[in-house]
Amino acid sequence: MWGGRFQSGPADIMREITPSIDFDKRLAGEDLAGSRAHCRMLASEGIISKEDGLAIQDGLTAVEKEIKDGTFVFKRELEDIHLNIESRLAELIGPVAGRLHTARSRNDQVVTDFRLWVRAACERADQGLATLQLALLGQAENHTDTIMPGFTHMQVAQPVTFGHHCLAYVEMFGRDRGRFEDARKRLNESPLGAAALAGTSFPIDRDATAKALGFIRPMRNSMDAISARDFALEYLAACTIAAVNLSRLAGELVQWSTPAFGFVKLSDAFTTGSSIMPQKRNPDAAELVRGKTGRVLGDFVALATVVKGLVLTYGTDLQEDKERVFDAADTLELSLAAMAAMMADLTAQPDKMRAACEAGFPTATDLADWVVRVLKKPFREAHHIAGSIVKLAEDRNVTLDKLTLADMQAVDPAITQEVFKVLSLEASVNSRMSLGGTAPARVKEQLNHWRGVLK
Ligand code: ARG
């Protein structure tokens with residue numbers, strides 16, 4: 001493979017440790033695209049003849065067909081996807097295949113392929129997130145008025161609507177999409193033509209190859225072009241944050257679907273049984289989405305550790321970049337698809353949500369606010385009054401609106417019948433009209449905003 005300088009082949013253990021073909025065969029499409037662009041440029045600059053250029057293009061088409069048909073034989077002794085394709089090209093079209101590698105190195109070749117792959121992965125992540133947003137939006141649309149407890153410290157805090165809760169995640173996933181969009185923008189420059197590390201003495205046209213591959217421009221510095229993997233790290237960081245956000249929604253699903261909460265029901269299609277406990281309906285997919293977060297973070301940490309301290313430019317350490325990115329992409333895309341499907345599948349259980357709300361005195365803040373507004377007391381004092389009334393209700397085992405006016409007046413004689421208007425769950429939710437608040441009118445505004453964005 002290496003020509004004149006080598007007399008004996010590699011040691012057996014080298015055949016074990018060096019090949020990357022088992023995983024980098026996933027770059028075949030990108031590698032072919034890069035080779036086509038490079039070949040066309042070589043021919044139009046007169047670096048190779050037109051006929052040779054055409055022969056190589058035909059050969060690449062034949063290789064592509066074999067890969068598509070599954071008849072291409074990937075060989076570990078040919079190390080990686082680049083040498084596998086080049087070698088097959090030579091079998092198909094003869095020695096002219098050897099002209100393709102003029103003014104190119106595997107170093108700029110691999111990172112060109114990889115940038116193209118990660119660029120497409122950013123687009124897929126964006127799509128997956130958009131699909132999940134749409135599923136959440138569908139739930140929000142049906143439940144702008146459905147009251148559920150909002151929690152802080154996992155204690156019932158204030159009533160909110162299920163629609164509001166779903167839209168909180170739509171916002172989060174919107175920011176995740178923004179991170180992939182940014183990563184895509186920054187990575188979209190072409191390293192092709194940097195050759196081994198220093199550029200080349202051939203009169204290549206890097207603008208032409210960059211343009212042919214959909215890159216905005218060629219990278220300015222050949223050494224940076226070969227060395228840089230921060231684009232992959234940025235993609236992995238975006239994957240990690242998205243996976244972390246996703247794990248929170250997964251956590252909610254797990255919690256919401258336990259019989260103790262019962263806020264949502266997943267259909268049979270999205271639950272699994274237990275081998276011993278016949279009553280069980282486990283939300284396995286949600287748990288797996290939550291569990292897989294660790295893998296994605298692990299992928300980021302692994303690649304960051306590979307790149308750390310690595311001097312310029314290429315070191316074979318960098319061959320370790322691809323599996324981490326492939327794993328994160330596969331994991332995230334699967335998780336997004338599973339979550340989108342579960343969010344579309346689940347049925348909210350408004351009665352259960354309401355019952356949980358009622359058990360927690362969630363309108364105590366409304367009571368305190370009323371005392372401030374109507375009785376003109378300082379909030380701290382009002383907080384104390386409302387607290388005493390909650391204690392009373394707790395002792396009697398009733399909700400706040402089931403206390404009598406006399407009960408209330410025993411705590412503060414100035415309280416009037418008016419107070420009961422703010423104690424219902426509906427009144428509480430409807431009153432949260434501040435920008436971004438949970439009032440159904442506000443939730444509908446958010447919905448309209450997202451409908452517009454996601455159309
Ligand atoms: N398989 C290698 C990788 O994944 C391709 C580049 C090899 N370059 C080299 N000089 N050995 O990084």
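The values are calculated or read from the model by the stated rules, or taken from the named source; none is laboratory data. What you see is a predicted model, and the numbers here were worked out from it, not measured in a lab. Neighbour counts are summed over all protein chains in view; Cβ atoms, including those assigned to glycine, are modelled from backbone coordinates with ideal geometry. To get the accessible areas, we keep the full protein, side chains included, count just its heavy atoms, and leave off ligands, DNA and RNA. Shrake-Rupley method; radii C 1.70, N 1.55, O 1.52, S 1.80 Å.
Key figures for this structure:
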{"item": "Residues with amide H under 5 Å from that of residue 272, placed H, sequence gap 5 or more", "result": "282, 284"}
{"item": "Percentage relative contact order, the chain, counting C-alpha pairs under 8 Å, at least six apart", "result": "16 percent"}
{"item": "The stretch 1-137 - percent of accessible surface contributed by carbon and sulfur, probe 1.4 Å", "result": "54 percent"}
{"item": "HN-Hα J in Hz across the stretch 74-88 - Karplus 6.51, -1.76, 1.60, θ = phi - 60°, x for Gly and Pro", "result": "7, 10, 5, 5, 9, 6, 9, 5, 5, 6, 4, 5, 5, 5, 5"}
{"item": "Where labels lie 7 Å past Cα in the beta-carbon direction, separation of residue 124 and residue 396 in nm", "result": "6.1 nm"}
{"item": "Value of D in µm² per second that Stokes-Einstein yields for the stretch 230-379, Kirkwood Rh from Cα pairs, at 25 °C (0.890 mPa s)", "result": "131 µm²/s"}
{"item": "Helix-only CD estimate at 222 nm, as mean residue ellipticity for the chain, using -39500 (n - 2.57) per DSSP H run (n ≥ 4)", "result": "-20500 deg cm²/dmol"}
{"item": "Label-to-label distance, nm, for residues given as residue 260 and residue 435 (7 Å Cα→Cβ offset)", "result": "4.0 nm"}
{"item": "Accessible area of the chain divided out per residue, in Å², using a probe of 1.4 angstrom", "result": "48 Å²"}
{"item": "Binned Cα-Cα distance frequencies in the stretch 249-290 - 5 Å width, integer %", "result": "5, 26, 33, 27, 8, 1"}
{"item": "Mean Cβ count within 10 Å, highest first, over the residues of peptides 335-348, 278-291", "result": "335-348, 278-291"}
{"item": "Which of 389, 8, 270, positive extreme of dipole for the chain (C-beta unit charges)", "result": "389"}
{"item": "At R0 = 22 Å, FRET efficiency that the Cβ-Cβ distance of residue 405 and residue 359 yields, to 0.05", "result": "0.40"}
{"item": "Surface share of carbon and sulfur [accessible, 1.4 angstrom probe, percent] for the stretch 305-392", "result": "57 percent"}
{"item": "Cα Rg over Rh - the stretch 59-202, Kirkwood", "result": "1.26"}
{"item": "Spin-label pair residue 414/residue 69, simplified geometry with 7 Å Cα→Cβ offset, distance in nm", "result": "9.0 nm"}
{"item": "Hits among aspartates and glutamates - C-alpha to C-alpha of residue 377 under 20 Å, sequence gap 8 or more where chains match", "result": "366, 369, 407, 412, 418"}
{"item": "The stretch 125-203 - convex hull of the alpha-carbon atoms, volume per residue in Å³", "result": "125 Å³"}
{"item": "Extension reserve of the residue 154-residue 61 stretch, reckoned as 0.36 nm per residue once the Cα distance is removed", "result": "27.6 nm"}
{"item": "Largest-first principal axis extents, alpha carbons of the stretch 180-285, Å", "result": "73, 24, 22"}
{"item": "Exposure rule at most 15 other beta-carbon atoms within 10 Å, DSSP loop chymotrypsin sites (Phe, Trp or Tyr not before Pro): the chain longest free segment", "result": "7-455"}
{"item": "Value of D in µm² per second that Stokes-Einstein yields for the stretch 64-111, Kirkwood Rh from Cα pairs, at 37 °C (0.692 mPa s)", "result": "284 µm²/s"}
{"item": "Dipole of the chain, positive end: most advanced residue of 328, 241, 62 [Cβ charges, Cα centre]", "result": "241"}
{"item": "As computed over the chain, the Cα convex hull volume per residue (Å³)", "result": "203 Å³"}
{"item": "Segment residue 14-residue 185, extension gain: residue separation times 0.36 nm, minus the distance between their alpha carbons", "result": "57.8 nm"}
{"item": "Förster radius 60 Å - calculated FRET efficiency between residue 45 and residue 142 (Cβ-Cβ, nearest 0.05)", "result": "0.50"}
{"item": "Reachable lysines from residue 308, criterion Cα separation under 20 angstrom, eight or more residues apart if same chain", "result": "322"}
